[in-house]
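The values are calculated or read from the model by the stated rules, or taken from the named source; none is laboratory data. What you see is a predicted model; the values in this text were computed from it and never measured. All Cβ positions, glycine included, derive from the backbone under ideal geometry; neighbour counts span all protein chains shown. Accessible surface areas use protein heavy atoms only, side chains included; no ligands, DNA or RNA. Shrake-Rupley method; radii C 1.70, N 1.55, O 1.52, S 1.80 Å.
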Amino acid sequence: GTGTDNDLYINQAIVFIEDAIQYRSINHRVDSRSLGLYRWYYSRACQWILSLTITVILALAFIEKPSSLTITSDVRYRLPAWDPPCGLTESIELLCLLVFVVDVSVKSYLIGWEEFWKNKWLMAYILTLIVSLTDWIVSLSFFCMETVRIRRILRPFFLLQNSSMMKKTLKSINSTLPEMASVLLLLAVHLSLFTMFAMLLFARTKDGQQDKEWMRYFRNLPDSLTSLLVLLTTANNPDVMIPAYSKNRAYSIFFILFTVLGNLFLMNLLTAIIYNQFRGYLLKSVQSSLFRRRLGIRAAFEVLSSLKETPANAQQSYVSAGALQQVLQKAEMDSRCKQAIMRSLEMCSCDQLSAAQFQKLFEELDKDAIKQHPPSPGYQSHFMQKMQFAFGHPYFGYLGNVVALANIISICVVLVIDADKQPSERDDFFLGAINCFFILYYLLEMLLKILAMGLKRYLSYPSNRFDGLLTVILLVLEIATFAVYGFPHPGWRPELMGLLSLWDMVRLVNMLIVFRFLRIIPNMKFMALVVTTLLDLVKNLRAFAGILVVVFYAFAITGIMLFKGAVVPLGNTSNTSSRLIFCPLRVHLDLLLDEVVVLHSRELPILWLSLVTFRLMFFYCLLYLLSVNLICRWAKIYFVAWWLISSVIWVNLFVALLLENFIHKWDRRCHRASLSDVEYQRTVELMFRDVLEEPTEEELMEKLHQHPHLHLCR
């Protein structure tokens with residue numbers, strides 16, 4: 001009947017508008033039953049359960065054998081890690097896999113059979129579930145004693161497929177790979193040529209005393225290649241050239257040429273090429289998201305226009321304002337946007353909306369989220385008005401910054417004076433007295449600002465919340481210090497009482513004071529610009545960081561399987577064949593390795609492998625082990641592969657994305673007037689709003705007519 005059709009059109013419009021708000025594709029089933037299932041699937045509760053399931057299945061690696069649930073990683077001091085019984089983690093994993101089976105089943109049904117075969121991610125999703133369930137069955141058949149669990153490496157895929165932004169990022173990286181491969185090939189040629197030169201230049205001679213360079217670094221082709229690869233990261237510089245340089249200073253020319261050509265030219269050329277190819281990634285992604293939003297809104301207009309038949313000679317379709325109000329009341333969207341659209345609709349005098357008017361109403365979704373600060377209290381007293389003007393003036397904040405700077409300088413002076421003194425020789429009277437004075441000033445400043453601005457307006461500024469929170473913490477610590485040790489006096493050195501000594505309490509207070517000095521950032525225009533830009537980037541680069549987590553997790557799990565039983569006890573030379581990675585030798589890399597080389601464990605937990613790969617990503621120090629024979633040849637492949645993916649490729653991709661965002665926001669903010677009472681909260685989609693191209697009506701209608709489940713009358 002007509003009433004049933006009208007209900008269906010209303011529900012379709014609600015779903016299309018929700019798709020537009022979330023930048024989702026509208027290519028899904030649009031019948032009444034499927035729409036109910038669709039809204040249930042994308043409800044907050046359902047998506048929260050799915051996210052929790054992904055978190056749980058990824059966290060299982062920290063509980064499964066070898067467990068990372070220990071306070072210290074040094075087996076000399078830690079208690080035996082908890083070994084979960086067979087079937088415990090497997091049961092949790094099975095529940096998670098069943099949730100994923102339901103997830104992929106619902107997704108496949110909603111998009112339809114025809115769209116399913118076009119969706120490679122869903123097909124990969126099903127394949128991953130089949131392999132995981134098969135491996136799970138094999139694991140139980142071996143009573144959890146199998147050494148290789150393929151499904152653990154596949155777990156990050158569940159995180160990857162659940163984020164559309166992460167998929168777009170991977171697609172963009174895939175398009176960048178050919179250009180990166182050309183530079184990496186040039187880098188490999190550079191490395192190979194200099195390896196051959198090195199083997200000819202540092203060949204073995206009759207004088208064994210002069211062959212230290214050959215013996216340590218260029219004994220054969222693999223060692224020579226490894227030494228120069230590590231030199232490319234500067235991890236073994238200048239160690240690799242010291243023996244040759246001691247023999248003849250002219251040998252340094254070889255190493256200088258290699259470093260300049262490889263490290264300064266080729267590596268930076270790789271960064272430039274990646275930036276050039278990758279810089280349009282985010283803009284293209286946002287352009288695609290804008291098209292999805294416009295398409296969803298236009299689809300809602302088209303189905304709502306079917307509620308009332310248009311005369312045959314009408315050139316345009318129209319939507320009644322009442323139908324739109326009914327849709328807005330049921331749609332899940334931000335209350336601010338909903339209220340703004342409703343106000344605009346009420347202000348519109350026409351009862352029928354054209355496509356352009358309908359689209360214009362939803363432009364509210366594209367606007368900045370503006371946070372208006374509450375007004376200051378109005379005082380009747382003339383004296384209070386003067387107080388409010390004085391303590392609400394920016395100069396009062398500048399005075400507080402000067403006082404904070406004086407506090408930092410006084411702490412530095414005391415630390416320099418007491419740097420070489422023993423704890424028993426220190427007199428904390430001066431430091432305690434100045435801390436007491438400055439903390440009282442900070443408290444007074446906070447109270448006066450609250451008096452001038454009002455509590456609500458004071459708390460509406462993030463800088464004030466940061467300032468006030470640290471002031472309260474400092475005050476509590478100072479009161480606790482006085483309660484335990486009394487007021488400062490000459491010779492103030494009481495013995496340890498309670499959980500913290502006096503020196504620990506003073507250090508904690510001083511660290512918070514130093515941290516509080518960051519309050520000056522909002523008062524320095526360009527520094528505030530840099531910091532706020534970086535903070536916005538951190539919030540908007542979750543997809544990029546998510547892929548990095550996926551790579552970390554996969555490499556850590558792979559390392560657990562490859563290097564199980566590889567680390568031997570210190571001094572144990574009876575089983576040299578099991579020393580796959582680290583030999584029991586002390587090297588000068590204690591800053592990186594800490595107590596790694598004295599581990600007695602024969603199983604490496606995921607937390608430890610994650611720490612190793614994270615350090616290798618930035619510091620390259622583990623690559624030094626490649627050139628001093630602390631890592632066997634086959635294990636080198638693992639570490640070099642991680643270095644190439646994380647440091648050479650991934651860090652450069654991150655730099656490219658960072659530069660693109662930073663330059664755009666820098667130019668935009670430098671030309672925007674500063675408004676003291678308005679705070680703009682921007683997302684990635686809004687950052688590029690002014691450079692995006694609006695899709696034409698022909699493009700939208702062509703895409704709508706290609707919808708596999710929606711059949712329009714025109």
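Residues in region 436-477 that are under 35 Å from the mean Cα position of the chain (by Cα) and of a type in the set (Ser, Thr, Tyr): 442, 458, 460, 461, 463, 471. The residue that is nearest to residue 440 (Cα to Cα), counting only those in region 457-482 that are surrounded by 15 or more Cβ atoms within 10 Å (Cβ to Cβ) and among the aromatic types (Phe, Trp, Tyr), is 466. Entry remark, region 316-333: residues being in contact with a strand residue (DSSP E or B) (Cβ under 8 Å, 6 or more places away or on another chain) and either open to solvent by 50 Å² or more (accessible area, probe 1.4 Å) or under 17 Å from residue 12 (Cβ atoms) (or both) number 4 in total. Checking each residue in region 5-39 for being under 33 Å from the mean Cα position of the chain (by Cα) and aromatic (Phe, Trp, Tyr) picks out 16, 23, 38. Checking every residue in region 428-445 against the condition of being among the β-branched types (Val, Ile, Thr), modelled with pLDDT of 70 or more, more than 24 Å from residue 415 (Cβ to Cβ) and assigned to a helix (DSSP H, G or I) gives zero matches. Number of residues in region 2-38 that are outside any helix (DSSP H, G or I) and closer than 18 Å to residue 106 by Cα equals 8. For region 169-191, the condition holds for no residue, the condition being that it is open to solvent by less than 60 Å² (accessible area, probe 1.4 Å), of a type outside the set (A, V, I, L, M) and free of Cβ contacts under 8 Å to residues at least 60 places away in the same chain. For region 438-456, residues that are in contact with a helix residue (DSSP H, G or I) (Cβ under 9 Å, 6 or more places away or on another chain), open to solvent by 50 Å² or more (accessible area, probe 1.4 Å) and within 16 Å of residue 404 (Cα to Cα) total 1. Among the residues of region 274-285, is there at least one that is farther than 30 Å from residue 697 by Cα, open to solvent by 30 Å² or more (accessible area, probe 1.4 Å) and of a type in the set (D, E, K, R)? Within region 274-285, not a single residue is farther than 30 Å from residue 697 by Cα, open to solvent by 30 Å² or more (accessible area, probe 1.4 Å) and of a type in the set (D, E, K, R).
Checking 197, 218 one by one, the residue that is open to solvent by less than 40 Å² (accessible area, probe 1.4 Å), on the phi < 0 side of the Ramachandran plot and either of a type outside the set (D, E, K, R) or assigned to a helix (DSSP H, G or I) (or both) is 218 and no other. Among the residues of region 66-85, just one is surrounded by 15 or more Cβ atoms within 10 Å (Cβ to Cβ) and at pLDDT 75 or above, namely 84.
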